Amino acid sequence: MFQGGSTFQKAVLDAVGQALFVLEVGDDGLPRYALMNRKGRSLTGFSPGEYEGKTALELFGGAVGEHAFALHKRVLEARVTQTYEVTLPYVQRTIYLNTTLEPIFNDAGILTHLVGTSNDVTSERELDMALELTKIAKEKAEEANQAKERFLANMSHEIRTPMNGILGISELLNETELDDQQALFSNTIYKSATALLKIINDVLDFSKIQADKISLQDQAFSLRDQVEDVGALLWSRADNKGIDLRTEYPETIPDTFIGDAHKIRQIILNLLGNAIKFTERGHIALGVSYRRDACLPLRISVSDTGPGIGDDQQNIIFSAFEQVDSTATRRVEGTGLGLAITKALVERMGGKITVASTLGQGSTFSIDLNLQIARDTKVLSRPPQAPLTSFRNKKTIQSASRTDALSTQPIQMMNGLRIIVADDNKTNQLLVEKILAPTGANLRFANNGQQVVEAYKSSRCDLILMDLSMPKLGGIEATHVIRAFEKKADWPACTIIALTANAQPSDVEACLAAGMNDFLTKPFRKKELLTLIKSSCSVLIEHGYD
Ligand code: ADP
């Protein structure tokens, strides 16, 4: 048994805060417990009568005993100090001990004892494990978020395709001879489909914001143009309610800035749209001001004489799905996502959004930004990589006083233009046919990418309207094949316009990179399609086809 363990020495060892134990190497070469100080006893739960003279295998038994016994033998064999970690089952939990085991030799150099000291590292290990679990939970949440985003993007695509049919055909229906009741029904279909599309777009935007997927594009753009465009776009909506809508952009303020014109436009559209939606009488002003000394010098504000928002509601309206619960606003449609999206966009641009409002008097929403003024101005009227729908509207929904040549022009101007329409959806084929047939264009149809390639090779065309998701060969792949073929055959490149429900900016990039010339998001308006064809094929339309 352990020699020299006097009462005094044992009391000294008990006073040590660390767990300490001594193993004595027997004649059979096996290390057996001879001593544990108080801390050691309290951690293992053994009294001297229980541990004295036992190997780790005998004392702990099972896997714990085997592991500890193997570690003890390892030090006996290596004859040097070793540090390792052991786990011990402890009252209802596992404790983790960081242990150093040191061999003790007698004067003759014989290894007689092992002295171990153990630190309880349970809280560190538990923290490590908690961090690991948090990491796993975070990864799982990210995966779930990505899956949700993919799902929403797919759903948005799936919904946009039939929406194109509903909106397009009801638009065409509106142009036919209808009695009053039929016109009312047809208009209602059109308006409801437009409202549904807005909800789909909001939900998709919101999911992108949640997944932190908003990317900004820095381009020089004319803010003045954007403000005037949005004003012109929404003017008739305000006018229909008898509300005066003014835009104020003083001459002294710079025109062009570097920023994401598409997102700025979306922000102004949201704020102005809300002002018109909630205001029943009075006026609305969309104004721009610039204070050179401020850290956010550019201010775009929208003021209205609407119902106003109470102090207690002014913060919550920027949260998702929140709407002011008052009779004045409850009857108005909306998802409650508009301001949450607007706030996220503004903050992503490093700006801030504020509201000043008095109940019964009106509201002013202001966004403050620090956009760089564009000096060397190669100004974009629209960013190249944004889906065109909203930008094309500029030309299609101008105030009534402006002449709109487009509605009549294509009828004479597309005579003989050879167009292949590639779309696997028969409703969309029908829609494009109904829009383009009256223009005199020469139309052929392909149901998939392979067919469009074959149709083009067998007989050239001037323009291909290309869907992206098609069976057999997608629109991007078909474009690659066509461009390669044109090069080889020394044919002039035909114009290819993507006509697709894939509405992400990355889809636009992919289309342009594949060699397409332009991009139109479904659902599109009749005039948007005609405008785009006219601008993409302007040379052919003006100088004739070969
Ligand atoms: P939505 O308009 O779809 O309900 P928003 O996030 O754009 O969602 O707006 C949230 C709420 O803020 C609205 O439901 C409305 O109660 C309030 N709100 C927004 N703009 C105005 C405004 N100009 N005047 C009065 N209330 C407004």
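Here are a few things to note about the model shown:
- Solvent-accessible area of Ile373 with every protein chain in place, 1.4 Å probe, in Å² to the nearest 10: 30 Å²
- Rounded to 0.05, the FRET efficiency of the Asn98 and Asp311 pair, given R0 = 60 Å and the Cβ-Cβ distance, is 0.55.
- Label-point gap, in nm, between Gln217 and His283 - each point 7 angstrom along Cα→Cβ: 3.6 nm
- Farthest positive-ward along the stretch 37-77 dipole, Cα basis, beta-carbon charges - from Leu76, Gly53, Ser42: Ser42
- Summed over the residues of the chain and divided among them, the accessible surface reaches 51 Å² per residue at a probe radius of 1.4 Å.
- Helical runs assigned H by DSSP (4 residues or longer) give the chain a calculated mean residue ellipticity at 222 nm of -15000 deg cm²/dmol, each run adding -39500 (n - 2.57) before division by the residue total.
- The stretch 238-297, relative contact order in percent, only Cα pairs under 8 angstrom and at least six apart counted: 55 percent
- Amide N proximity, the stretch 503-521 versus Ala493 label position 7 Å along Cα-to-Cβ, cut-off under 12 Å: 512-518
- Here the extension length gained between Glu132 and Val16 equals 38.4 nm, from 0.36 nm per residue of separation less the Cα-Cα distance.
- For the chain, a simple Cβ point-charge model (Lys and Arg +1, Asp and Glu -1, everything else neutral) yields a dipole of about 1080 debye relative to the Cα centre.
- Note on the stretch 173-306: Cα convex hull, mean projected area over all directions, 10.9 nm².
- Projecting the Cα atoms of Thr247, Val121, Pro162 onto the dipole axis of the stretch 116-269, where Lys and Arg carry +1 and Asp and Glu carry -1 at the beta carbon, places Val121 farthest toward the positive end.
- Inter-probe distance in nm under a simple model that places probes 7 Å from Cα toward Cβ, at Val121 and Lys434: 7.4 nm
- q = 0.06, 0.08, 0.12, 0.13 Å⁻¹, the chain: log10 I(q)/I(0) [Debye, one scatterer per Cα]: -0.52, -0.67, -1.16, -1.33
- With R₀ set to 51 Å, the beta-carbon distance separating Thr112 from Gln146 gives a calculated FRET efficiency near 0.25.
- Fraction of accessible area attributable to carbon and sulfur, the stretch 418-542 (%, probe 1.4 Å): 50 percent
- Label-to-label distance, Ala183 versus Val481, with points set 7 angstrom from Cα along the beta-carbon direction: 4.8 nm.
- Projecting the Cα atoms of Ile420, Val25, Ile276 onto the charge dipole of the chain (Cβ charges, centred on the Cα centre) puts Ile420 farthest toward the positive pole.
- Extension reserve of the Asn370-Thr358 stretch, reckoned as 0.36 nm per residue once the Cα distance is removed: 1.6 nm
- Full extension of the segment from Tyr290 to Ala63, taken as 0.36 nm per residue of separation minus the current Cα-Cα distance, would add 74.3 nm.
The values are calculated or read from the model by the stated rules, or taken from the named source; none is laboratory data. Everything numeric in this text was worked out from a predicted model, so none of it was measured. Glycine also receives a Cβ, built like all others from the backbone with ideal geometry; neighbour counts cover every protein chain displayed. Each accessible area value is taken on the protein alone, full model and side chains, heavy atoms only, with ligands, DNA and RNA left out. Shrake-Rupley method; radii C 1.70, N 1.55, O 1.52, S 1.80 Å.
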